[in-house]
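The values are calculated or read from the model by the stated rules, or taken from the named source; none is laboratory data. Not measured: the values here are computed from a predicted model. Counting neighbours? That spans all protein chains shown, and the Cβs are built from the backbone with ideal geometry, glycine included.
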Amino acid sequence: MPTTLAPTMLFERGYHAVYRDHEVNHCPGCGRTHWIIGRVSAECAFCATALPLAEASRPTGPVIIQHKNRDVHAWAA
């Protein structure tokens, strides 16, 4: 099974529910439209069904953390 899908093969992936910003989003669990929005997911306020945000994207490469004081050795006390 391939790990990436070509745009022409999206119909083979099946149903993929996501929360879309600036649209009315009905919960697939209860059908209501009240959501608690987080950074990467939205949760239904009534039944707690969670959906990923369509706009949330994950970095493609490794996460690089750069410290402000990387030249100064900071030791824990």
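Tabulated data
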item: Criterion violated by R70 - all others in (1) in contact with a Ser or Thr (Cβ under 8 Å, 6 or more places away or on another chain); (2) modelled with pLDDT under 90 satisfied; result: (1)
item: In the range 3-41, the residues that are modelled with pLDDT under 90 and not in a loop (DSSP other than H, G, I, E, B); result: P7, T8, M9, L10, F11, E12, R13
